[in-house]
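The values are calculated or read from the model by the stated rules, or taken from the named source; none is laboratory data. Just so you know, these numbers come straight off a predicted model, no measurement behind them. Cβ atoms come from the backbone with ideal geometry, glycine included; neighbour counts cover every protein chain shown.
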Amino acid sequence: MAKQAKKRANAKKTAARRPRQAPKMLSDLFLETLKDIYYAENKIIKTLPKMAKAAHSKDLAAAFNKHLRETQGQVKRLDQIFKMLGKPARGKPCEAINGITDEGAEIMKDFKNAPALDAGLLAAAQAVEHYEISRYGTLRTWAEELGMPDAAKLLQATLDEEEATDLSLTELATSVINLEAEEEFRAAA
Ligand SMILES: [Fe+2]
Ligand SMILES: [Fe+2]
């Protein structure tokens, strides 16, 4: 047998011995991303009470506590979607949300009792919301593509809550920052 032909025959034998892996489909990606956001939401449930406790502004603390209750409902929606898929509700560590919440923890430590603390907390919270908005937008679209209108509806409901939270944080940012600027002005006078 010519050298080349022998090589080809050996390659064929090796390929035949290797277990065949099913090609990864959009449904696999959907499940993986669902696990990602499930982990993220549970991490947020642990983080929000710490942020509410740290906030100077009562309005900001109230906004964090309100979103904590919403987030608990969002996890329940995800539980329902896992059920629809016939899969156990399980999270998969998400480095993105770990990084964002670590940054928030750093702000809480470095700006403890500082006038700029609330502005830092707001910025950290909005980074979380933007991450969630991106994930839920993708998941909603994929659920539609995969012919899962009920899952798409649940994901849209959460997406609406994340967007409304982001908006109310933007509104709070103006009043919180104005208050801090006033404090700084008074301290400098
Ligand atoms: Fe959320
Ligand atoms: Fe959120």
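Do we find a residue being within 12 Å of ligand 1 (Cβ to nearest atom), farther than 19 Å from Ala164 by Cα and in a helix (DSSP H, G or I) anywhere in segment 48-71? Spell out how you get there, then give the answer.
Narrowing segment 48-71 to residues within 12 Å of ligand 1 (Cβ to nearest atom): 48, 67-71.
Narrowing further to those that are farther than 19 Å from Ala164 by Cα: none.
So far as segment 48-71 goes, no, none of its residues is within 12 Å of ligand 1 (Cβ to nearest atom), farther than 19 Å from Ala164 by Cα and in a helix (DSSP H, G or I).
Within the bounds of segment 139-157, is there any residue that is under 16 Å from Ala52 (Cα atoms) and of a type in the set (S, T, N, Q)?
Scanning segment 139-157 turns up no residue that is under 16 Å from Ala52 (Cα atoms) and of a type in the set (S, T, N, Q).
List the number of the failed condition for Gly86; all other conditions in (1) at positive phi; (2) crowded, with 19+ Cβ neighbours inside 10 Å hold.
(2)
Could you run through segment 115-152 and say how many residues are more than 16 Å from ligand 2 (Cβ to nearest atom), modelled with pLDDT of 95 or more and out of contact with any Leu (no Cβ under 7 Å at 6 or more places or on another chain)? Can you show your working first?
Narrowing segment 115-152 to residues more than 16 Å from ligand 2 (Cβ to nearest atom): 115-120, 141-152.
If we keep only those that are modelled with pLDDT of 95 or more too, we end up with 141-152.
Next, from what is left, pick out any that are out of contact with any Leu (no Cβ under 7 Å at 6 or more places or on another chain): 141, 144, 147-152.
Total meeting the criteria: 8.
Which of the residues belonging to segment 74-94 are more than 16 Å from ligand 2 (Cβ to nearest atom) and either within 16 Å of Leu117 (Cα to Cα) or free of Cβ contacts under 8 Å to residues at least 40 places away in the same chain (or both)?
Here is the first cut: in segment 74-94, the residues more than 16 Å from ligand 2 (Cβ to nearest atom) are 79-90, 92-93.
Hits for segment 74-94 are Asp79, Lys83, Gly86, Pro88.
In this structure, is Phe64 within 13 Å of ligand 2 (Cβ to nearest atom) and aromatic (Phe, Trp, Tyr)?
Values: within 13 Å of ligand 2 (Cβ to nearest atom): yes; aromatic (Phe, Trp, Tyr): yes.
Answer is yes for this residue.
I want to confirm something. Restricting to segment 72-101 and keeping residues that are in contact with an Asp or Glu (Cβ under 7 Å, 6 or more places away or on another chain) and under 11 Å from Ile37 (Cβ atoms), which single residue is nearest to ligand 1 (Cβ to nearest atom)? Quick ask: steps written out before the conclusion?
Filtering segment 72-101 for residues in contact with an Asp or Glu (Cβ under 7 Å, 6 or more places away or on another chain) gives 74-75, 78, 84, 89, 92, 94.
Filter once more, keeping what is under 11 Å from Ile37 (Cβ atoms): 74-75, 78, 92, 94.
Values: Gln74: 5, Val75: 8, Leu78: 9, Lys92: 16, Cys94: 12 Å.
Among residues in segment 72-101 that are in contact with an Asp or Glu (Cβ under 7 Å, 6 or more places away or on another chain) and under 11 Å from Ile37 (Cβ atoms), the one nearest to ligand 1 (Cβ to nearest atom) is Gln74.
Which one of these is within 15 Å of ligand 2 (Cβ to nearest atom), under 17 Å from the mean Cα position of the chain (by Cα), in contact (Cβ under 8 Å) with a residue 40 or more places away in the chain and closer than 30 Å to Ile177 by Cα: Thr71, Thr101?
The match here is Thr101.
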